Amino acid sequence: MTIFGATGDLSRRMLLPSLYGLHSENLLPQRMRILGTARSELDQAGFSHLVATSLNEFVPAAQRNDATVRSLLERIDYQPASADDDASMASLVAKVDALRNGDVLYHMSTAPKFYGPACQALAAHGAAGAGTRVMLEKPIGKDLASAIAINDAVAKAFDEERIFRTDHYLGKEGVQNLIALRFGNALFEPLWNARHIAQVQITVGETVGVEGRGDYYDESGAMRDMLQNHLLQLLCLVAMEPPARFEPTAVRNEKIKVLRSLRAINASNVSTESVPGQYSAGASNGVAVPGYAEELGHSSRTETFVALRAHVDNWRWSGVPFYLRTGKRLPSRSTEIYIQFRKVPYSIFGGPAAADMQPNGLLIRLQPEERIEMELMSKTPGLDRQGLRLSQVALDLDFHEEFANARKRIAYERLYLDAIEGNSTLFVRRDETEAAWQWVDAILDGWRDAGMVPKPYPAGTWGPSATVSLVDRLGHTWRE
Ligand code: BG6
């Protein structure tokens, strides 16, 4: 495995700790070597030091031991290289050849503009042939045109079957559990359609601000950073038809149909269907925090929050709003999918119970904890002299309790093993990325053409007040 951008933030926080986790459980192929590469002119000792300090910082103490760190370090080498410096790429390829003892997986954990040049340099030096694969981090570009350019450039070196586009949400246990819930149970499918579902909400809330990533984030914003990829992938998994098999082509064929069924949001309807926001000064976890512009040091029109009302225009979902929202500096870190069923067609209960009646809901919570909750109506205990009362109760499946012995893994552990084995079911195909960009581009262009700029919201709140009217218009409320 060769990791480009091996000294970067993602590598230190997620990739190296994932490799540690897999190595500590003997899950990596015995002969697998790990080669780090980046522009930094580090020697072997310098990189080993970076790996060791990263593991110290980002692997929980209870899972870490010195002997395992040492044995992982024995697998690891470093070779500086830069995609635009051909001599350095030649040296990198020589190093890969010297270490190679089977297939090679390249992981591009760099800015996307380097994917094309790096892949083409590998091909030019004969290092992109049979038995090699490449993993690409999101975002693939910043709009449809740049995504096509990157995909074209990478395709000159690797064919699609050997390209693994990462969306780390697909590596999360909870996201795969959504697939298990839908297709491992007979219970839900008969209800999983517009006849029985009134609305779907997908929320990815973060309490953090831009965390020193201002340069990247200000060019990107919530739409490109989160919605184009993570939220649309979740939407696909909720809305797709049952694939015939849990394998790459079948699953991805169903996801692309959902993306292509999304009703366009553009200049004509963007002001009623979307709410961009940007946090101003406020409080996060009880601590005063500055606004986005203050953090950046200059004013900006980048959205740190977005809420949308999406529609999947097909037979299954006709008329069901899919509300999507994501943002930085929200009140809590929570990723959840909420499915609200329709009301009972007729209430047999008169008196106060009629007002107690709530529609059933299914909550699939992915973060911070994994939980599935079914909201049902139940009789409130009592003798009912004033009439029967109902209360909403939750059937709650808490995975931490149920699977208490399972270690909480980093999404990349799963994704790395799948890519090593060549299984791309949980990776994003070219057409999916491009269809997602096409849909998102129309919204971004719509904001520009309609002169919409992000509305302020105080840090620590659920976005601008217009977010409430977005759902209120159809008689819905956000689940909070
Ligand atoms: C990344 C985004 O893809 O996902 C970040 O670039 C975001 O801005 C992160 O913070 C959220 O991931 P997770 O796994 O913490 O929900």
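The values are calculated or read from the model by the stated rules, or taken from the named source; none is laboratory data. Keep in mind the model is a prediction, meaning the values are calculated, not measured. Cβ atoms come from the backbone with ideal geometry, glycine included; neighbour counts cover every protein chain shown. Heads up: the accessible areas ignore ligands, DNA and RNA and are worked out on the full protein's heavy atoms, side chains in. Shrake-Rupley method; radii C 1.70, N 1.55, O 1.52, S 1.80 Å.
So what's the gap between the Cα centers of segment 164-195 and segment 273-336, to the nearest angstrom?
If you average the Cα positions of each part, the centres end up 24 Å apart.
How about Lys379: which aspartates and glutamates have a C-alpha closer than 19 Å to its C-alpha, ignoring those fewer than 8 places off in the same chain?
Excluding near neighbours in sequence, the set is Asp356, Asp396.
Distance in nm between label sites at Ala45 and Leu388, each 7 Å beyond Cα in the beta-carbon direction?
So the label points at Ala45 and Leu388 sit 7.9 nm apart.
Can you run phi through the Karplus equation (6.51, -1.76, 1.60; θ = phi - 60°) for segment 77-85 and list ³J(HN,Hα) in whole Hz, with x for Gly and Pro?
10, 9, 9, x, 6, 9, 4, 8, 10
With n ≥ 4 as the cut-off for DSSP H runs, can you work out [θ] at 222 nm for the chain, using -39500 (n - 2.57) per run divided by the number of residues, rounded to the nearest 500?
After summing the helix terms and dividing by the residues of the chain, the value is -10500 deg cm²/dmol.
Could you sort Arg39, Arg329 by accessible area so the largest value comes first, with the probe set to 1.4 Å?
Of Arg39, Arg329, the descending order of accessible area is Arg39, Arg329.
Between helix 44-58 and the chain, what is the angle of the helix's C-alpha long axis to the longest principal axis, kept within 0 to 90° and rounded to the nearest 10?
Approximately 20 degrees, to the nearest 10.
Solvent-accessible area per residue for segment 1-154 at a 1.4 Å probe radius, Å²?
Each residue of segment 1-154 exposes 42 Å² on average to a 1.4 Å probe.
Kindly report, to the nearest 10 Å², the accessible surface of Lys455 as traced by a 1.4 Å probe over protein heavy atoms only.
Using a 1.4 Å probe on the heavy atoms, I get roughly 90 Å².
All other residues with a Cβ under 14 Å from the Cβ of Pro290 taken together, and with Lys, Arg as +1 and Asp, Glu as -1, what is their net charge?
Taking every other residue near Pro290 into account, the sum is -1.
With only alpha-carbon atoms counted, please give the Rg and Dmax of the chain, in Å.
When restricted to the Cα atoms of the chain, Rg and Dmax are 24.0, 87 Å.
Using modelled amide H (1.01 Å from N, peptide plane; none on Pro or chain starts), what sits under 5 Å from the amide H of Tyr78, excluding residues fewer than 5 places away?
Those qualifying (amide H under 5 Å, at least 5 residues apart or on another chain) are Gly36.
Explain nothing, just compute: Karplus ³J(HN,Hα) = 6.51 cos²θ - 1.76 cosθ + 1.60, θ = phi - 60°, for every residue of segment 365-381 in order, whole Hz, x for Gly and Pro.
9, 9, 8, x, 10, 8, 8, 10, 10, 10, 8, 10, 8, 9, 6, 6, x
Might you work out the accessible area of Val393 for me, using a 1.4 Å probe with all protein chains in place, and round it to the nearest 10 Å²?
Val393 has an accessible surface of roughly 60 Å² with all protein chains in place.
Where Lys and Arg each count +1 and Asp and Glu each count -1, what net charge lies around Pro352 among other residues with Cβ under 15 Å from its Cβ?
+1
Using heavy-atom solvent-accessible surface (probe 1.4 Å) with all chains present, what is the largest-first order of Arg409, Arg479, Arg33, Arg260?
Arg260, Arg409, Arg33, Arg479
Just how large is the dipole of the chain about the Cα centre, in debye to the nearest 20, putting +1 at every Lys and Arg Cβ and -1 at every Asp and Glu Cβ?
That gives a dipole near 940 debye.
Quick check: with the 1.4 Å probe, what order do Phe246, Phe399, Phe164 take by accessible area, largest first?
Phe246, Phe399, Phe164
Over the alpha-carbon set of segment 95-246, work out the extent along each principal axis and list the three values in angstrom, largest first.
Here the Cα extents, ordered largest to smallest, are 57, 39, 27 Å.
Once neighbouring chains are kept in place and the probe is 1.4 Å, which whole percent of the accessible area of segment 170-472 is contributed by carbon and sulfur?
52 percent
Averaged per residue, what accessible area in Å² does segment 281-431 show with a 1.4 Å probe, protein chains only?
Counting only protein heavy atoms, the per-residue value for segment 281-431 is 50 Å².
Identify all lysines with a Cα-Cα distance to Lys455 below 20 Å; exclude those on the same chain that are fewer than 8 residues away in sequence.
Candidates past the 8-residue exclusion: Lys328.
For Lys156, which lysines qualify as cross-link partners when the Cα separation must be under 22 Å and same-chain residues fewer than eight apart are set aside?
Cα-Cα hits under 22 Å: Lys113, Lys138, Lys142.
Show me, for segment 142-159, the HN-Hα J-couplings you get by feeding each phi into the Karplus relation (A = 6.51, B = -1.76, C = 1.60, θ = phi - 60°), rounded to Hz, glycine and proline as x.
Using θ = phi - 60°, the values come out as 10, 6, 4, 4, 6, 5, 5, 4, 5, 4, 4, 5, 5, 5, 5, 9, 10, 7 Hz.
Ile163: net charge of surrounding residues, Cβ under 10 Å, Lys/Arg +1, Asp/Glu -1, itself excluded?
So the environment of Ile163 carries a net charge of +2.
State the answer as a single residue: which of Gly209, Val344, Gly451 lies farthest towards the positive end of the charge dipole of the chain, with beta carbon charges of +1 for Lys and Arg and -1 for Asp and Glu, about the Cα centre.
Val344
Can you tell me the orientation of helix 173-183 relative to the chain, as the angle in degrees between its alpha-carbon axis and the longest Cα principal axis, to the nearest 10?
Approximately 50 degrees, to the nearest ten.
Report, to the nearest 10°, how far helix 115-124 tilts away from the longest principal axis of the Cα atoms in the chain, using its own Cα long axis and a range of 0 to 90°.
Helix 115-124 sits at roughly 30 degrees to that axis.
Once amide H atoms are built 1.01 Å from N in the peptide plane, which residues 5 or more positions from Val104, or in another chain, come under 5 Å H to H?
So Val104 has HN proximity to Thr132, Arg133.
Using every alpha carbon pair in segment 2-166, what percent of pairs falls into each 5 Å bin from 0 up to the bin containing the largest distance?
Spelled out per bin, shortest first, that is 2, 9, 18, 21, 20, 15, 9, 4, 1, 0.
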